[in-house]
Structures are given as structure tokens and as C-alpha cells.
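Here is the structure we will look at.
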Amino acid sequence: MKNILIEIKDFFSDKEDPAEPRYDPVHVGAMIVFVLLANSVLFWLLWALLVFGGGLQAKIVPLLLLIFTKKTAADFGYVGYPFEMGVFEGWITNVIAFILLIAAIITGWKIFNNKAVSGK
């Protein structure tokens, strides 16, 4: 019983244990904001790449058919840029998201590869 009372007393004590790690509330708050920001950026990248305007995957086959066959853009619903893009609606956003996602992957690869080599 005495040990339990000592534990309870130590739990509510205002003495700091030097072996206990210290956390700064600013660092915790900054990490929460950083995680929310990173999740938002990842969501936008994946949404813009895979969903917006049908996604990039819906534009690859028509693009290849335009390049390697005698099909025209009008066969895929293209009338003109400001009016009707047909299958190619939103391709600029899809390509930008693809480029940014590749840049993020390469940056992350370099960061983690440097950490693995340096051993830190």
C-alpha cells in the first residue's frame, strides 16, 4: 500500500524527472499543422491526378490513338479549347499533378536515401 501511495504522490508531483523527455507545445502544434498540410497536399495531388476530369488514366489511351492512328481529336469529343474538350477535359491539371507527384517522390527518395547513407 505504501508503494501505491508513493506512486500516486509522484504522479501528481511537480518535480521534473531528468530522464523524461521534454516536449515543447510549439513543436507538437507545428507537427499537427505539418501533418494536416501534408495530408491535404497528398489528397489534392491524388485527386487531381486520378479523379479530376476523368483522371489521367482516361486520357492515355485516347492520346496514344491520336498519335499512332488516324483518329482525330474530334473523334474524342474535342471541339475547341474554351468550349468543349471532350475526353481531354482537365488534362492540364492532371499533367501538373503528375509532375508534382513525381517531384515529391524524387524529393522524398533523396531525403530518405541521404538519411540511410549518413546513418542518422
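Does segment 80-87 contain any residue that is surrounded by 10 or more Cβ atoms within 10 Å (Cβ to Cβ), in contact (Cβ under 8 Å) with a residue 12 or more places away in the chain and in a helix (DSSP H, G or I)?
Yes, segment 80-87 contains a residue that is surrounded by 10 or more Cβ atoms within 10 Å (Cβ to Cβ), in contact (Cβ under 8 Å) with a residue 12 or more places away in the chain and in a helix (DSSP H, G or I).
Name the one entry in Lys115, Lys71 that is in a helix (DSSP H, G or I) and of a type in the set (Lys, Arg).
Lys115 is the lone residue from the list that is in a helix (DSSP H, G or I) and of a type in the set (Lys, Arg).
Test of understanding: among Asp10, Asp14, which residue is surrounded by 10 or more Cβ atoms within 10 Å (Cβ to Cβ) and of a type outside the set (Lys, Arg)?
Result: Asp10 is the single residue among Asp10, Asp14 that is surrounded by 10 or more Cβ atoms within 10 Å (Cβ to Cβ) and of a type outside the set (Lys, Arg).
Bear in mind these aren't lab numbers, they're just calculated from the coordinates by the rules spelled out. The structure displayed is predicted, hence computed values, not measured ones. We place every Cβ from the backbone using ideal geometry, glycine too, and count neighbours over all the protein chains shown.
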